[in-house]
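Just below is one structure, and these are the notes that go with it.
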Amino acid sequence: MSIYRLIVRSAGLLAAAVAIGALLAGAAAAQQKLSFLAAEYSAKTLPFWEQVVADFEAANPDIDVTLEVAGWNTIHDLTAQRIAAGTMPDLVNTATIWVPEWVDAAAIRPLGDDLVDAALRADFVPALFDKGAVYNGENWGLPIAAAARAILLNRGLLAQAGFDPDAPIATWDDYRSIIVGVKEKTGAFGYAFDAKGVRAFRDFGYYLLNNGGTFFATDGKAAFNSPEGVEALQFLVDLVKAGAVPDPLGTTLEDYQPMYEAGRVATMINGNFAIAGIKANAPGLEIAVAAVPVKTAGQTPVTWGVTDTLVIGKAAPVEASRKFIAHIFSTAVRNQFDEAEGMLPVLLSQAGNPAFTGDPNIKAFIDMLPTSQFDPFHPQYAQMQELVKTAMQSAITGAASPKDALDKAAADFNALVK
């Protein structure tokens, strides 16, 4: 081969390489970047999202998704740090009670038709979409995980005590009869609740809401010390005095759920997600589900609903975000997530899934969703929880009456309200 031909061939190869490099560089430049910070619900969460992202990228080679999964103990502070540093992820799976914080930090954008089309909007369960993340009159996110709270009953213990586990528990009096009756006839505790840990205010709130009460007045001041609140706390105090519950001052859910699984507690209030764990830990235990009762017959029971939210950062790329949102809120992906994590369906199109319709206990939770009330948006929500817990403890120990304990908590709370 002549030197001339060698030079020409080499020049041709170089030109081809340059052209290929330019094409690759152009493709890389055209590829959209999308970051997603997901919350960890269980050991199944990370592999689930890794597969979802891989499937999405295979179908959308022009979009590169950076996935990060963080535990619930760290994800709030991590999100706040990213916002402060100007590196807010494009999409974040967050607790709904933190939504006002991200809105007030001007870190997220409200939902728009450019992000969620009309067909997907219409597919969300209305109680979740219309109530979950609405703040200052605007919707700031999509329900990405949903749950509700109800009474979980040990069928065997109730039957042993002479009660029909399928009979409605209509009122507080009905429930008190079961709780005390189980203790008297079987020796097991009829119920367990928490006045020690982070969930204590909810164990009070179940009865506050089902007595027509509320935590906050419209002006943001305390309302939990209303007559309805005093009656709710008195109900719990009376159960302690009757010896029908384990000591709530030294008991949290982490303590009494194992007692429930071991047949030492007949009823407790927990979420639908607890059922899978109970079945795994106590496969012989037969469960029934009932709504938390109202004080007076004729009232509509209120279910405490919980929905975590997918929020969209202000700088998120619209087209890539829209496509990713459509993918992760497809019926198939939602079914996979909800089944794996023990959550309730967030889409109407999931209604026919046998995993939900075939289990009467899960279906009972789903049927309660229309009457759900969610955690209220209030800047002093966390402080309220601690003050209510302190009031519960004072009333249970007898240091103060339920009314005096709640009045003190309300006065302390109102001093915080601007």
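The values are calculated or read from the model by the stated rules, or taken from the named source; none is laboratory data. Predicted model, so just to flag it, every value in this text is computed and none were measured. When we count neighbours, we look across all protein chains shown, and the Cβ atoms used for this are built from the backbone with ideal geometry, even at glycine. Each accessible area value is taken on the protein alone, full model and side chains, heavy atoms only, with ligands, DNA and RNA left out. Shrake-Rupley method; radii C 1.70, N 1.55, O 1.52, S 1.80 Å.
Selection within the range 182-195: residues that are out of contact with any helix residue (DSSP H, G or I) (no Cβ under 6 Å at 6 or more places or on another chain) and of a type in the set (D, E, K, R). The member of this set that is surrounded by the most Cβ atoms within 10 Å (Cβ to Cβ) is 183.
Within the bounds of the range 350-358, is there any residue that is surrounded by fewer than 19 Cβ atoms within 10 Å (Cβ to Cβ) and closer than 27 Å to residue 210 by Cα? Yes, there is a match, as at least one residue in the range 350-358 is surrounded by fewer than 19 Cβ atoms within 10 Å (Cβ to Cβ) and closer than 27 Å to residue 210 by Cα. Of all residues in the range 62-107, those satisfying the criterion of being within 20 Å of residue 128 (Cα to Cα) and open to solvent by less than 60 Å² (accessible area, probe 1.4 Å) are 91, 92, 93, 94, 95, 96, 98, 99, 100, 102, 103. Residues that are among the aromatic types (Phe, Trp, Tyr) and more than 21 Å from residue 153 (Cβ to Cβ) within the range 338-386 comprise 374, 377, 381, listed in sequence order. Taking each residue of the range 59-71 that is assigned to a strand (DSSP E or B) and looking for partners that are loosely packed, with under 12 Cβ neighbours inside 10 Å with beta-carbon atoms closer than 6 Å, six or more apart or interchain, yields 64/33. The listed residues are 53, 65, 69, and the only one of them that is within 19 Å of residue 341 (Cβ to Cβ) and in contact with a helix residue (DSSP H, G or I) (Cβ under 6 Å, 6 or more places away or on another chain) turns out to be 69. Can you work out which of the residues in the range 32-46 that are open to solvent by less than 70 Å² (accessible area, probe 1.4 Å) and not hydroxyl-bearing (Ser, Thr, Tyr) is nearest to the chain's Cα centre (by Cα)? Per the stated criteria, the residue is 39. When the range 177-196 is limited to residues that are among the small types (Gly, Ala, Ser) and in contact with a Lys or Arg (Cβ under 8 Å, 6 or more places away or on another chain), the one that is nearest to residue 252 (Cα to Cα) turns out to be 195. If you check every pair at least six apart or on different chains, which have Cβ atoms under 6 Å apart with a residue in the range 101-116 that is closer than 23 Å to residue 329 by Cα first and a residue that is among the acidic types (Asp, Glu) and not in a loop (DSSP other than H, G, I, E, B) second? Every condition considered, the pairs that remain are 110/138.
Contact map, the range 289-306: first residue closer than 14 Å to residue 272 by Cα and touching a residue at least 60 places away in the same chain (Cβ under 8 Å), second residue among the small types (Gly, Ala, Ser) and surrounded by 14 or more Cβ atoms within 10 Å (Cβ to Cβ), Cβ cut-off under 6 Å, separation 6 or more or different chains; pairs are 289/150; 289/364; 291/150; 303/148; 303/372; 305/148; 305/372; 306/147.
Taking the range 162-178 as the range and being among the aliphatic types (A, V, I, L, M) and surrounded by fewer than 20 Cβ atoms within 10 Å (Cβ to Cβ) as the test, the residues that pass are 167, 170. If you go through the range 108-121 and keep only what is touching a Phe, Trp or Tyr at 6+ places or on another chain (Cβ under 9 Å) and either closer than 14 Å to residue 306 by Cα or open to solvent by 10 Å² or more (accessible area, probe 1.4 Å) (or both), you end up with 109, 110, 111, 120, 121.
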